[in-house]
Amino acid sequence: MVLQTIPVFEQPEAFRDALEHARRQGKRVGLVPTMGALHAGHLALIAEARARASFVAASVFVNPTQFGPQEDFARYPRTLDRDVELCAGAGADCVFAPAVEAMYPDGELTRVRVEGLSESLCGSTRPGHFEGVATIVAKLFSLAGACVAVFGRKDYQQLKVIERMARDLLYPVEVVGHRTVREPDGLAMSSRNRYLSGDERVRSRRLFPKLFAGSKRANEVRVRCVIECVASCKKPPTAWTTRRSLMRTRSESSDKTIDWGRAPWLPSRFASARRD
């Protein structure tokens, strides 16, 4: 079998030039930012971009500024050769895989923060995370220029932060959210799933069926239905980290939140999922 090969750009200027060249040829550019360790969920994003654009670029960059001090930046899986092969097979035309020094030059001082969307939910326990996300995506959008950029809805808060950032900073970028791709057992596909032990993997499947059942009963006004369905789930074991949680309606402009008082043990993740 002959492996498919596509250009891999390491320098931001070369990546920008490649996308500009594609546009000069009349092609619409698609962008799929990733941190690598690709799985079928990422490949679905590339396929979505291919359906919307005639030249698709995927980025592979483990972004240090979105990791907290005790998180898994050092051990996050890095599988660039395999990722490039997967990108080529999924329909990407090139890969951008810069070094950290290329994206954060010595002495850089600038960060991008989206107020109002970054502090709650996941942001409440990962200070600085969405600032790091917004900063690296802003850099990628600056390099990519006019394009359609595809992100997964699995990280829904991240998607909303990026949508708002693109609008506020007037980027010529159409941000598209793609449905969450799940394993056969319902667990959302994630590069960090490999951290889970066999027992953790079995237990991690419990929440999705309850959320799905709640979503069939609820709309944005009747979110209590979701809470009641999740609260009926058997209390997770102590391996789960827990926190008081909020549930927000789909509309980012809404200030309505629901305190998960009936389910204060709502699991967010296994303790090992992002720990260094």
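Each residue, Thr180 and Glu108, gets one label point 7 Å from its Cα in the Cβ direction; the gap between the two is 3.1 nm. Less than 5 angstrom separates the built amide H of Val175 from those of Ala149, all sequence-distant by 5 or more or on a different chain. Backbone amide hydrogens, once placed in the peptide plane, bring Ala188 within less than 5 Å of Glu183, excluding anything fewer than 5 places away on its chain.
Over region 55-190, what is the percentage of antiparallel beta bridges among all DSSP beta bridges, to the nearest 5? Walk me through the intermediate numbers first.
Working: 1 of 10 bridges.
Looking only at bridges with both residues in region 55-190, the antiparallel portion is about 10 percent.
Sorted on the mean count of surrounding Cβ atoms within 10 Å across their residues, most packed first, peptides 137-145, 30-38, 105-113, 120-128 read 30-38, 137-145, 120-128, 105-113. For region 1-145, relative contact order (Cα pairs under 8 Å, six or more residues apart, normalised by length) works out to 32 percent. Residue separation of Glu115 and Asp199 scaled by 0.36 nm, minus their Cα-Cα distance, works out to 26.4 nm of gained length.
When the Cα gyration tensor is reduced to axis lengths a ≥ b ≥ c, the ratio a/c stays below 1.5 for region 8-178, which is therefore classed as rounded.
Laboratory data are not the source of any read-out in this text; all were calculated from the coordinates shown. None of these values were measured; they are calculated from a predicted model. Neighbour counts run over all protein chains shown; Cβ positions are idealised from the backbone, glycine included.
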